[in-house]
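Engineer: Before anything else, here's the structure in question.
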Amino acid sequence: MKNIVLFGPPGAGKGTQAEMLKVKYNLVHISTGDVFRFNIKNETALGILAKSFMDKGDLVPDEVTIDMLKAEVNNNPEANGFIFDGFPRTESQAASLDAFLVEKNTGINGMVALEVPENLLVERLLNRGKTSGRSDDQDESKIRNRFNEYETKTAILKDYYQKQNKYFGVDGVGSINEITAKLEAVIDAL
Ligand code: AMP
């Protein structure tokens, strides 16, 4: 089993790259943001709760997010492995994921991080907002708050995985194909 955490700030290109990598490695792609958006669209209780946080650019509480992630993994018992996109985003989520995977006799092979300077990200997100329909991509103050959440709660996960010798940074500036090739070189070696 190969389990990859695809990491990076909002707008780094995680979703786009995950779509390429899941095909190449035959992995199940779990994007917690996508699962929340699906629930919002279908007006489930989880969606209504998540929306109140996502609309502001705040993180959804850990307990809710962790339970949802576990359910997604458990729904794919035949998976060859997973690409986690947008999860974990806090140290508590990372620790829960480790414990959960240990129970399943597996673990995270590596965190592969897309490194992109912040000034490029805001521009990318505002551009994406024109076509994605995502309200959190259309408002610069929401985008700034998402970066703030990233800096204060998520960025420390680099240390978390570095301590386990599992952090691999990749330059996330360039064409989609160039970046995919760099990610594949890292994943092939895991
Ligand atoms: P994303 O699609 O990954 O950019 O996520 C969009 C929004 O969903 C985030 O700004 C958060 O409000 C919420 N979200 C997604 N993943 C998580 C997570 N792992 N923990 C908490 N909130 C999350």
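Engineer: Working carefully through the options 48, 40, find the one that is near the ligand (Cβ under 10 Å from one of its atoms) and in contact with a helix residue (DSSP H, G or I) (Cβ under 9 Å, 6 or more places away or on another chain).
Structural biologist: Working: 48 fails: near the ligand (Cβ under 10 Å from one of its atoms).
Within the list 48, 40, the selection yields 40.
Engineer: Does any residue of region 108-127 turn out to be of a type outside the set (Gly, Ala, Ser) and near the ligand (Cβ under 10 Å from one of its atoms)?
Structural biologist: yes
Engineer: So which residues in region 28-53 are free of Cβ contacts under 8 Å to residues at least 24 places away in the same chain, of a type in the set (S, T, N, Q) and part of a helix (DSSP H, G or I), if there are any at all?
Structural biologist: Residues satisfying the conditions are 39, 52.
Engineer: Something else: For region 102-142: of the residues being at pLDDT 95 or above and β-branched (Val, Ile, Thr), which is surrounded by the most Cβ atoms within 10 Å (Cβ to Cβ)?
Structural biologist: Looking at the filtered set, the residue picked out is 112.
Engineer: Given the conditions (1) more than 24 Å from residue 142 (Cβ to Cβ); (2) not in a helix (DSSP H, G or I), which single one is not true for residue 88?
Structural biologist: Result: residue 88 passes all but (1).
Engineer: Is it the case that region 86-101 has a residue that's among the hydrophobic types (A, V, I, L, M, F, W, C), within 9 Å of the ligand (Cβ to nearest atom) and under 23 Å from residue 147 (Cα atoms)? Break it down stepwise before answering.
Structural biologist: Restricting attention to region 86-101, the residues satisfying the condition of being among the hydrophobic types (A, V, I, L, M, F, W, C) are 87, 94-95, 97, 99-101.
If we keep only those that are within 9 Å of the ligand (Cβ to nearest atom) as well, we get 87.
Adding the requirement that they be under 23 Å from residue 147 (Cα atoms) leaves 87.
Within region 86-101, one or more residues are among the hydrophobic types (A, V, I, L, M, F, W, C), within 9 Å of the ligand (Cβ to nearest atom) and under 23 Å from residue 147 (Cα atoms).
Engineer: What are the pairs with Cβ atoms under 6 angstrom where one residue, in region 8-27, is assigned to a loop (DSSP other than H, G, I, E, B) and the other, located anywhere, is among the charged types (D, E, K, R)? Sequence gap at least six, or different chains.
Structural biologist: 8/14; 10/146; 11/124
Engineer: Residue 24 versus (1) surrounded by fewer than 20 Cβ atoms within 10 Å (Cβ to Cβ); (2) among the basic types (Lys, Arg); (3) near the ligand (Cβ under 9 Å from one of its atoms): which is the lone unmet condition?
Structural biologist: (3)
Engineer: What number of residues within region 71-94 satisfy the criterion of being surrounded by 14 or more Cβ atoms within 10 Å (Cβ to Cβ) and more than 25 Å from residue 183 (Cβ to Cβ)?
Structural biologist: So the answer is 1.
Engineer: Identify all residues within region 58-72 that are more than 7 Å from the ligand (Cβ to nearest atom) and assigned to a loop (DSSP other than H, G, I, E, B); write none if there are none.
Structural biologist: Residue satisfying the conditions is 61 alone.
The values are calculated or read from the model by the stated rules, or taken from the named source; none is laboratory data. On a predicted model such as this, the values are computed, not experimentally measured, just so you know. Don't worry about glycine lacking a Cβ; one is built from the backbone with ideal geometry, like all the others, and counts go over all protein chains shown.
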